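Just so you know, all these numbers are worked out from the coordinates, no wet-lab data involved. Please read all numbers here as calculations on a predicted model, not as lab measurements. Cβ coordinates were reconstructed from backbone atoms using ideal geometry, including for glycine residues, and neighbour counts include every protein chain displayed.
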Amino acid sequence: MARVKIIGEQPLCGAVKISGAKNSALPIMAATVLLDGESLIANVPELTDITTMVRMLRSINIVAEQNGHNIRIYNKKHLKHLIPYELVTKMRASFFIAGPILAKVGMVRVPMPGGCAIGSRPVDIHLKGFQALGAKVRLEHGFIEIRCPKLKGAYVDFPFPSVGATENIMMAATLAEGTTTITNAAQEPEIVDLAELLNKAGAKISGAGTSAITIHGVSKLNGVEHEIIPDRIEAGTMLLAGLITRGRIAVHNVRPADISALLSALTIAGAKLTVKNNSIEAASGSVWRSADIVTNPHPGFPTDMQAQIMAYLALADGMSTIRETIFENRFMHTSELQRMGANIRTEERIAIIKGVPKLSGAEVKATDLRAGAALWLAGLAAQGETIIYGVEHIERGYEKLTEKLSQLGANIKRIN
């Protein structure tokens, strides 16, 4: 089993460039199903999830060629409507492809999706959105079959602002007849990035980035060239890596507005931050204060940074609290942090963290992507040696993280 060994207490110093956003690249790659002809997607991170999505596109008869951070896509053949079980169960984001196939072909058959075990994350909200557009949904033997010869524009009101459902219904509605209005839509930057790609291709989408999105259906979308936005979660994780080791780092190729809630929380906790255009410099202040965090949909504090800031607050002075409002099962990393000496207790969706003077290296296991990132941060700060198992989780979402941390001065090694 692959694992990572970290010798902690090495202050990180230097500069690091942030990769393209995985959470933007995946739905954008799915959206190319809608586009006729050739597309070029640039600044795509080299990750296992991206490789899985390339395989997904190829499985439905799309030519996808990955060359470093560029993916060239040719959509010139008859699309298949059946999505392979082994790919969908490997990555939940593969369900993004359902809406584009449905809009393009008139039907799609997809297995129930998999992914990180951080909560139920049901796809019901996606299915109700498709039904609002006129689709018939049937569940049978672990598969979801969705049919509609021609989707019709409709009013779609989400019970909560689901990012995946907003993206899926927005993509499907681009080729629907008439106008679709999505209310209580998610407002994440990745949704804006997806809308920009689709509008380049000929879609008529307005309101992306707000709670109300309007899509006027068109008959055809054409291939485009598009560059993925920077990964805001990687940017936040790297800032915390510098801060938790009491170092000083500069993060380049970042959009500060995308992580404003995190920057506010770090400032409250005593971090010294300097924002310059597309760069952020971070250094620990003289006081490392506790903080109270509540995860919320964008522009609130991102749930994908909850585990990482918990590792940081484990070393802060005083008592901190984290309330997780998005996923019901996203505190699985607490027991592993406790193995390293963190003083944390959980009460349903609330974690109470009493800061300790130091963490100690231990053998721990990542249970999901962001939990793994939290353990890497803890290992960087801890005394002695930390061995982290479950490296495959990290490699789903962070491009060359070991190399980037090493370049900043971390004593870290991947062991196969």
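How tilted is helix 232-244 with respect to the longest principal axis of the chain? Cα atoms for both, answer in degrees (0 to 90, nearest 10).
Between helix and principal axis, roughly 0 degrees.
Defining a contact as two alpha carbons under 8 Å apart and six or more residues distant in sequence, what relative contact order in percent does the chain show?
Values: 1034 pairs, mean separation 87.9, N = 416.
Reported as a whole number, the value is 21 percent.
What distance in nm separates the simple spin-label points at Ser219 and Cys13, each placed 7 Å from Cα in the Cβ direction?
For the pair Ser219/Cys13, the computed spacing is 6.5 nm.
For the chain, give me the percentage of DSSP beta bridges that are antiparallel, rounded to the nearest 5 percent.
Numbers: 59 of 84 bridges.
Roughly 70 percent of the beta bridges in the chain run antiparallel, per DSSP.
Taking the convex hull of the alpha carbon atoms in segment 22-227, what volume per residue do you get, in Å³? Don't jump to the answer; show the numbers that get you there.
Details: hull volume 20.6 nm³, N = 206.
So the per-residue hull volume is 100 Å³.
For the peptides 247-260, 136-149, what is the packing order when you average, over each peptide's residues, the other Cβ atoms within 10 Å and list the highest mean first?
247-260, 136-149
Determine the sum of side-chain charges near Pro256: Lys and Arg each +1, Asp and Glu each -1, restricted to other residues whose C-beta is under 10 angstrom from that of Pro256.
My count for the surroundings of Pro256 gives +2.
Calculate the dipole size of the chain relative to its Cα centre from +1 charges on Lys and Arg beta carbons and -1 charges on Asp and Glu beta carbons; express the result in debye to the nearest 20.
Around 420 debye, computed over the chain.
Quick check of the Kirkwood formula: for the chain, what is the inverse mean of 1/r over all pairs of different Cα atoms, in Å? Mind showing how you got there, number by number?
Numbers: mean 1/r = 0.0458 Å⁻¹.
Answer for the chain: a Kirkwood hydrodynamic radius of 21.8 Å.
For segment 352-365, take each phi angle, set θ = phi - 60°, evaluate the Karplus expression 6.51 cos²θ - 1.76 cosθ + 1.60, and give the result in whole Hz per residue in order, putting x for glycine and proline.
Computed from phi, the couplings for segment 352-365 are 10, 10, 9, x, 10, x, 7, 10, 10, x, 7, 8, 9, 9 Hz.
Quick one: if you stick a label point 7 Å off each Cα along the C-beta vector at Arg58 and Thr183, how many nm between them?
4.5 nm
With everything on Cα atoms, drop me the angle between helix 369-381 and the longest principal axis of the chain, reported from 0 to 90° to the nearest 10.
20 degrees
Just how far, in whole angstrom, is segment 175-215 from segment 79-103 if you go by their alpha carbon centroids?
That distance is 21 Å.
Given R₀ = 22 Å, what would the calculated FRET efficiency be for Asp317 paired with Lys5, taking r from the Cβ atoms and rounding to 0.05?
Here the calculated transfer efficiency is 0.15.
Of Lys104/Lys400; Lys90/Lys128; Lys276/Lys365; Lys5/Lys354, which sit over 31 Å apart, Cα to Cα?
Lys104/Lys400; Lys276/Lys365
Note down the magnitude of the dipole of segment 15-120 about its Cα centre, charges +1 on Lys and Arg C-beta and -1 on Asp and Glu C-beta and zero elsewhere, to the nearest 20 debye.
Roughly 160 debye, rounded to the nearest 20.
Just going by the charge dipole of the chain, with Lys and Arg at +1 and Asp and Glu at -1 on Cβ, which of Asn222, Val192, Val356 is farthest out on the positive end?
Result: Asn222, furthest along the dipole toward the positive end.
Report the FRET efficiency, 1/(1 + (r/R0)^6), for Met107 and Thr51, where r is their Cβ-Cβ distance and R0 is 22 Å, rounded to 0.05.
After rounding to 0.05, the efficiency reads 0.25.
Do you know the relative contact order of segment 22-227, to the nearest whole percent, from alpha carbon pairs under 8 angstrom that are 6+ apart?
Relative CO of segment 22-227 lands at 21 percent.
Would you mind calculating the gained length between Lys76 and Ile268 on full extension (0.36 nm times residue separation, minus the Cα-Cα distance), in nm to one decimal?
Stretched fully, the Lys76-Ile268 segment lengthens by 63.8 nm.
Quick check: the distance between the Cα centres of segment 306-373 and segment 255-304, to the nearest angstrom?
Value for the Cα centre distance between the two parts: 18 Å.
Of Ala316, Ile412, Ala269, which is farthest on the positive side of the dipole of the chain, counting Cα position, with +1 on Lys and Arg Cβ, -1 on Asp and Glu Cβ, and the Cα centre as origin?
Ile412
Using the crude model of +1 on Lys and Arg Cβ and -1 on Asp and Glu Cβ, and no other charge, please compute the dipole size for segment 22-227 relative to its Cα centre, in debye to 20.
It comes to approximately 740 debye.
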